[in-house]
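K.L.:
This is the structure I want to talk about, given as structure tokens.
The values are calculated or read from the model by the stated rules, or taken from the named source; none is laboratory data. Worth saying up front: this structure is predicted, and the values here are computed from it rather than measured. As a convention, Cβ positions derive from the backbone with ideal geometry for all residues, glycine included, and neighbour counts pool all protein chains shown.
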Amino acid sequence: MLGNDEPRERDRLESIQHSVDTFTTNILQGLPIRSTWNCLELGAGAGSIAYWLADHCPDGHVVAVDLDTRHLDGGRATNLEIQEADITRQDYTPGTFDLIHARYVFCHLSDRDEMVARAAGWLSPGGWLIIEEPYDLPADTSPFPLIQRILTAYQHSYRQNGADMTWARRLPALLARNTLTEVAFAGNLGHMGGLEKDRWRPLIDRAAPALLASGLVTDADLTEFAELLKDPAFIDIPQMTISAWGRSPSDI
Ligand SMILES: C[S@@+](CC[C@H](N)C(=O)[O-])C[C@H]1O[C@@H](n2cnc3c(N)ncnc32)[C@H](O)[C@@H]1O
């Protein structure tokens, strides 16, 4: 389901960026970012946060790594380096990065706890690790029976692919356990329908084959979903994003 071999992947990545970039950049703006910082963007997707970091660290360097770099533009900034790699197999030099950011990536990894420890080890003394992951709200509490079915299938297909869409709750404790200091966290409620009509359309379109294969959702349901999105009274909260960040001790 999460393979990048469909044209709809670009729409999905842009939809994610559109929906959470402001939340993410508000968090980043709260950090004492310096123009000289070396940054690492794990699972960079379509690149909006890597580009933001490159703009804000013009005298530093930004590495944007992803399994699939087709949606990344290395020509966007001279201090931007694109790497096509699996982050679970990368071995950066310990103490390299002043800021490491990841969004909606760790939930898909089987060794996600270990990945937090590895990323923490790549931080320079005083460097910041920011991880943002989805936290699914219970599908059966949606006020819309159709959305209960769609979200049940959606969450089921992610689980089938090994994703943990509630792991995000562990993030603050995990950062602290990995000796990060100044641990803080924030949440951002997702929208389905309402003013964000189109936000979930690309996500459901992208997931449609898996939803149908689950047997929990029919073609008629997907057609009805497209109609529901036109209804101004259709507003739901399917998921939230939990972001947590912390700082490597500066005296190591
Ligand atoms: C849901 S997208 C999020 C993209 C971006 N972080 C954002 O929030 O806009 C997940 C991204 O992580 C990448 N990814 C997943 N597993 C990865 C791995 N093991 N190594 C590198 N990238 C990975 C995918 O290719 C995809 O671009």
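K.L.:
In region 89-115, which residue that is polar (S, T, N, Q) and surrounded by fewer than 14 Cβ atoms within 10 Å (Cβ to Cβ) is farthest from the ligand (Cβ to nearest atom)?
P.N.:
Of region 89-115, the ones polar (S, T, N, Q) are 90, 93, 96, 110.
This time we only want the ones that are surrounded by fewer than 14 Cβ atoms within 10 Å (Cβ to Cβ), so: 93, 110.
Values: Thr93: 18, Ser110: 10 Å.
Ranking the qualifying residues of region 89-115, first place goes to Thr93.
K.L.:
Check off (1) within 13 Å of the ligand (Cβ to nearest atom); (2) assigned to a strand (DSSP E or B); (3) under 16 Å from Ala119 (Cβ atoms) for Ala44 and give me the number that stays unchecked.
P.N.:
Failing condition for Ala44: (2).
K.L.:
Something else now. Starting from region 166-184, take each residue that is more than 13 Å from Glu114 (Cα to Cα) and list its partners that are at pLDDT below 95 and surrounded by 14 or more Cβ atoms within 10 Å (Cβ to Cβ), counting only C-beta distances under 9 angstrom and pairs at least six apart or across chains.
P.N.:
Cβ pairs passing all conditions: none.
K.L.:
Among the residues of region 26-41, which ones are over 14 Å from Gln83 (Cβ atoms) and within 16 Å of the ligand (Cβ to nearest atom)?
P.N.:
Initially, region 26-41 is screened for residues over 14 Å from Gln83 (Cβ atoms), giving 26-37.
Across region 26-41, the qualifying residues are Asn26, Ile27, Leu28.
K.L.:
Contact list please: Cβ distance under 8 Å, first residue in region 1-17 and over 21 Å from Met240 (Cα atoms) and outside any helix (DSSP H, G or I), second residue among the hydrophobic types (A, V, I, L, M, F, W, C) and at pLDDT 50 or above, pairs at least six apart or on different chains.
P.N.:
Asn4/Leu67
K.L.:
Within region 199-213, can one find any residue that is in contact with a Ser or Thr (Cβ under 7 Å, 6 or more places away or on another chain) and surrounded by fewer than 18 Cβ atoms within 10 Å (Cβ to Cβ)? If you could, list the steps in order and put the result at the bottom.
P.N.:
Residues of region 199-213 that are in contact with a Ser or Thr (Cβ under 7 Å, 6 or more places away or on another chain), as a first pass: 199, 202-203, 207, 210-211.
This time we only want the ones that are surrounded by fewer than 18 Cβ atoms within 10 Å (Cβ to Cβ), so: none.
No.
K.L.:
Here's a follow-up. Considering each of Thr69, Thr93, Thr88, Thr78 in turn, give the residue that is free of Cβ contacts under 8 Å to residues at least 40 places away in the same chain, touching a Pro at 6+ places or on another chain (Cβ under 9 Å) and outside any strand (DSSP E or B).
P.N.:
Values: Thr69 fails: touching a Pro at 6+ places or on another chain (Cβ under 9 Å); Thr93 fails: touching a Pro at 6+ places or on another chain (Cβ under 9 Å); Thr88 fails: touching a Pro at 6+ places or on another chain (Cβ under 9 Å).
Unique residue meeting the criteria: Thr78.
K.L.:
Is it the case, given these coordinates, that Glu81 is within 15 Å of the ligand (Cβ to nearest atom), of a type in the set (D, E, K, R) and touching a strand residue (DSSP E or B) at 6+ places or on another chain (Cβ under 7 Å)? Walk me through how you get there before you give the answer.
P.N.:
Values: within 15 Å of the ligand (Cβ to nearest atom): yes; of a type in the set (D, E, K, R): yes; touching a strand residue (DSSP E or B) at 6+ places or on another chain (Cβ under 7 Å): yes.
When the stated conditions are applied, Glu81 passes them.
K.L.:
So which of Arg177, Arg149, Arg170 ends up being under 30 Å from Asp98 (Cα atoms), among the basic types (Lys, Arg), surrounded by 17 or more Cβ atoms within 10 Å (Cβ to Cβ) and away from the ligand (no atom under 16 Å from the Cβ)? Step through it out loud before you land on a result.
P.N.:
Details: Arg177 fails: surrounded by 17 or more Cβ atoms within 10 Å (Cβ to Cβ); Arg149 fails: under 30 Å from Asp98 (Cα atoms).
Being under 30 Å from Asp98 (Cα atoms), among the basic types (Lys, Arg), surrounded by 17 or more Cβ atoms within 10 Å (Cβ to Cβ) and away from the ligand (no atom under 16 Å from the Cβ) holds for just one of Arg177, Arg149, Arg170, which is Arg170.
K.L.:
Next question, about the same structure. Condition check: among the basic types (Lys, Arg) and not in a helix (DSSP H, G or I). Does Arg206 satisfy that?
P.N.:
Details: among the basic types (Lys, Arg): yes; not in a helix (DSSP H, G or I): no.
Answer is no for this residue.
K.L.:
Any idea which residue in region 103-144 is farthest from Leu28 (Cα to Cα), counting only those that are β-branched (Val, Ile, Thr) and assigned to a strand (DSSP E or B)?
P.N.:
Step one: filter region 103-144 for residues β-branched (Val, Ile, Thr), giving 105, 116, 130-131, 141.
So of that shortlist, the ones also assigned to a strand (DSSP E or B) come out as 130-131.
On the way: Ile130: 8, Ile131: 11 Å.
My answer is Ile131.
K.L.:
Determine which single condition Val183 fails, assuming it passes every other condition in (1) among the hydrophobic types (A, V, I, L, M, F, W, C); (2) under 16 Å from the mean Cα position of the chain (by Cα); (3) in a strand (DSSP E or B).
P.N.:
Unmet for Val183, out of (1) among the hydrophobic types (A, V, I, L, M, F, W, C); (2) under 16 Å from the mean Cα position of the chain (by Cα); (3) in a strand (DSSP E or B): (2).
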